[in-house]
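Structure, as structure tokens:
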Amino acid sequence: MAAQRQYEELARQLSAIGAVKRGLGRGLPHDCPAGSAAVLVLLDRHGAMRMSRLAELLAVDTSVTSRHVAHVAEKEWIVRDPDPADKRSRILRLTTEGKAKVDELSELSIRTLTHYLHDWTDDEVVQLSTLLARLRDSFGDCRAASARLFPSPHDVQTTSETTRTPA
């Protein structure tokens, strides 16, 4: 197991990931901000899905997801079809134009990474990719783990109240 100071350094380095994400975001086309790009990429990767599933994958509130979905629907990059199992719900699907936008975004990301990592070896890029995938896997479903590690005051109070023995 790593020493405390190694975890402290890792935490510092991970905080810099925001700068990397912003750098990648600057390469996005003006008509497709980061939230919209994330919607398109997830629909491309996972296929058609309900809004609730998309919100889970984005790890944001449904209202935030709804704004992103409205934008990509307005651009005709996705369609919102009625869910045959529940007519009140919609199934989100990429359109042909949406798939073309995903391909454009992928190319832009590759060009941006190539620019910034031009002096990295192929082995270094593979090592970083492997370690980032392992890090992500270690966290699993972050929302569930977070709830266990850092319960809300309401959860703590509820737990305390249910474990009290009667006087």
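The values are calculated or read from the model by the stated rules, or taken from the named source; none is laboratory data. Since the model is a prediction, treat every value here as computed from it, not as a measurement. Reconstructed Cβ throughout: ideal geometry from the backbone, glycine too, with neighbour counts over all protein chains shown. To get the accessible areas, we keep the full protein, side chains included, count just its heavy atoms, and leave off ligands, DNA and RNA. Shrake-Rupley method; radii C 1.70, N 1.55, O 1.52, S 1.80 Å.
Under the condition of being in a loop (DSSP other than H, G, I, E, B) and open to solvent by less than 100 Å² (accessible area, probe 1.4 Å), which residue from the stretch 121-157 is modelled with the highest pLDDT? Don't jump to the end; show me each part of the working.
First, pick out the residues of the stretch 121-157 that are in a loop (DSSP other than H, G, I, E, B): 121, 140-141, 150-152.
Those left that are additionally open to solvent by less than 100 Å² (accessible area, probe 1.4 Å): 121, 140-141, 151-152.
Working: T121: 98, G140: 82, D141: 63, P151: 62, S152: 56.
Result: T121.
Residue check: is R67 open to solvent by 70 Å² or more (accessible area, probe 1.4 Å) and either within 28 Å of G140 (Cβ to Cβ) or touching a residue at least 60 places away in the same chain (Cβ under 8 Å) (or both)?
Yes.
Within the stretch 26-61, track down each residue that is open to solvent by less than 30 Å² (accessible area, probe 1.4 Å) and assigned to a helix (DSSP H, G or I).
Scanning the stretch 26-61 gives G35, S36, A37, V39, L40, L42, L43, L54, A55.
Take the conditions surrounded by 14 or more Cβ atoms within 10 Å (Cβ to Cβ) and charged (D, E, K, R) and apply them to K75. Does it pass?
Considered against the rule, which asks whether it is surrounded by 14 or more Cβ atoms within 10 Å (Cβ to Cβ) and charged (D, E, K, R), K75 comes out as yes.
Report, by residue number, each residue of the stretch 80-119 that is more than 23 Å from T65 (Cα to Cα), open to solvent by 50 Å² or more (accessible area, probe 1.4 Å) and out of contact with any Leu (no Cβ under 8 Å at 6 or more places or on another chain).
E107, I110, R111, T114, H115, Y116, H118, D119
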